[in-house]
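The values are calculated or read from the model by the stated rules, or taken from the named source; none is laboratory data. Keep in mind that this is a model prediction, so the values were computed, not measured. Using ideal geometry, Cβ is built from the backbone for each residue, glycine included, and neighbour counts are taken over all protein chains shown. These accessible areas exclude ligands, DNA and RNA; they are computed on the full protein's heavy atoms, side chains included. Shrake-Rupley method; radii C 1.70, N 1.55, O 1.52, S 1.80 Å.
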Amino acid sequence: MKFTPEIYKLPDIPMTPFIDSEEIWNYINNIPSNKEKVIEIIAKSLSKKRLNLEEVAVLINTNDPQLINEIKEGAKTLKNNIYGNRIVLFAPLYIGNKCSNNCTYCGFRTSNNKAVRKTLNENEIIQEVEALEENGQKRLILVYGEHAQYTPEYIAETVKIAYSVKKGNGEIRRVNINAAPMEIEGFRTVKESGIGTFQVFQETYNREAYKTYHLSGKKSDFDYRLTSLDRAQEAGLDDVGIGALFGLYDWRFEVLSLVRHTNHLEACYNVGPHTISFPRIKDASSLNFGDKYFVSDEDFTKLIAILRLAVPYTGMILTAREPEKLRNEIIQYGVSQIDGGTKIELGSYSKSESNKDLDKGQFKINDDRSLSDIIDELLDQDMIPSFCTSCYRRGRTGEHFMEFSVPGFIKRFCSPNAILTLAEYIEDYAKEETAIKGWKAIEKNILKLDDEKIIKSVRDKIEKIKSGQRDLYF
Ligand code: SAM
Ligand code: SF4
């Protein structure tokens, strides 16, 4: 069945699935790659135009190491042109791991009797958020299993609690959500609590493979999950994140499907995904997982670069599932957001727990550097760590966010805001050594702004931050 945008526009007509497996495999099997095409496609992307499925298939089918290098270099240039050298930092906060689903890859699955189940109460959420604020975090993603207790009202309440916590100069300025799909009304309730992005990962876009991993519970309904972000849009929640869990099925199929999903959202709602995530399966409690679809580091790097070129405007998230060395490398090829100081055992930010007990977390994380170490290393790599939350608070979401591709956006917003949030971090939380590096980086990046009016305004705001004002942004 071919995709017809109008079908999805009408909420009372059942949604037709927009992923056609045969069509996706046709692209993979029948679109060859050659040097001329690859160079042309990279150039198209660098002019900030979206790639179509055929062009993405060409990149996917590129196996010549030299051309793969061109793809990676193209992604690097594009990322710098669109977002500058800033990397946005956030932390995940697991609120509850009760779960009625049976996703075979996840430590929280209902059949895993070894999982230590916990739902944070109000006091515990406050303690966790205080601990995160004491480290300098400003952006959180709250994560939940799928359970009758975690209703939209409950989720909205936990969001409000997170926003209410103020420790010293600390505060949370953006709460994103990763939770089970909802009905339209539920999305509306959660939106009203003031969230940023609502993420739902399809895990695998292949219907047959999906069945084999999702054995029972609501999540076993492939179509309900696939159409979840349509319901979010219907609810007015226009800031959505998509993703696939790499390792469940052929990575080439997932990459094309992520782009297909993007096309669908753009065609129906005039707004693509705010973020794309590409978690790779990691070890989890009582997990015994085959490696038929294992994605090597080389393919993983390549697919990230392809996604960056395919959807130039989207935020791309690389998490602490991946080890430090690989994160440091991949971050260059189009990633715009990473987590820092991550702990995924419930309640572990406020206690100094090991972070290594698989029965207490969802999966194993492989980068347990502190936020402060990550900031140091980003500065060493000539990147600006950013805690910016300006777009969503100024209403630059949905269709407005698409203006990311408008030239000048970085100079007007991303870079100045990254600089200001780094200045705040230095004043409130940085070690002396980081502060010295940080102020040098700020000076260097102010000069790159290249517009006297903006430079003056940034300098004025920095003086205000030094004299105690906070939360200044463009
Ligand atoms: N329970 C909600 C759901 O399934 O939509 C919230 C998401 S879950 C807590 C967060 C994401 O973690 C999942 O969507 C999946 O992609 C990822 N995940 C699950 N098990 C994983 C594993 N073993 N390794 C890496 N990522 C995993
Ligand atoms: Fe539950 Fe989500 Fe884990 Fe599936 S991935 S078992 S729905 S927490």
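Annotations
- Rounded to the nearest 10 square angstrom, residue 106 shows an accessible area of 20 square angstrom against a 1.4 Å probe.
- Inter-site label distance for residue 450 and residue 286 at 7 Å from Cα along Cβ, in nm: 5.7 nm
- When peptides 293-299, 69-75, 334-340 are ranked by their average number of other Cβ atoms within 10 Å per residue, the highest-first order is 334-340, 69-75, 293-299.
- By the Cβ rule of 4.7 Å, the chain holds the following cysteines without a possible disulfide partner: 99, 268, 388, 391, 414.
- Separation of alpha-carbon centers, region 361-400 and region 166-183, rounded to whole Å: 14 Å
- Segments 206-217, 181-192 sorted - mean Cβ within 10 Å per residue, highest first: 181-192, 206-217
- For region 21-78, convex hull of alpha carbons as volume per residue, Å³: 72 Å³
- Solvent exposure, largest accessible area first (probe 1.4 Å, DNA, RNA and ligands not counted), of 467, 257: 467, 257
- Inverse of mean 1/r across different Cα pairs in the chain, Kirkwood, Å: 22.7 Å
- Linear extension gain, residue 364 paired with residue 267, 0.36 nm per residue minus alpha-carbon span: 31.2 nm
- Solvent exposure ordering (accessible area, 1.4 Å, most first) of 88, 116: 116, 88
- Per-residue ellipticity at 222 nm computed for the chain from its helices equals -13500 deg cm²/dmol, with DSSP H segments shorter than 4 residues left out and the rest contributing -39,500 (n - 2.57).
- For the residues 100, 45, a 1.4 Å probe over the protein chains yields an accessible-area ranking, largest first, of 100, 45.
- Residue pairs exceeding 30 angstrom between C-alpha atoms, taken from 35/444; 325/461; 325/456; 166/343: 35/444; 325/461; 325/456.
- Approximate shape of region 403-464 as ellipsoid semi-axes (Cα gyration tensor, √5λ), whole Å, largest first: 22, 12, 10
- Length added when fully stretched, residue 326-residue 22, from 0.36 nm per residue minus Cα-Cα: 106.1 nm
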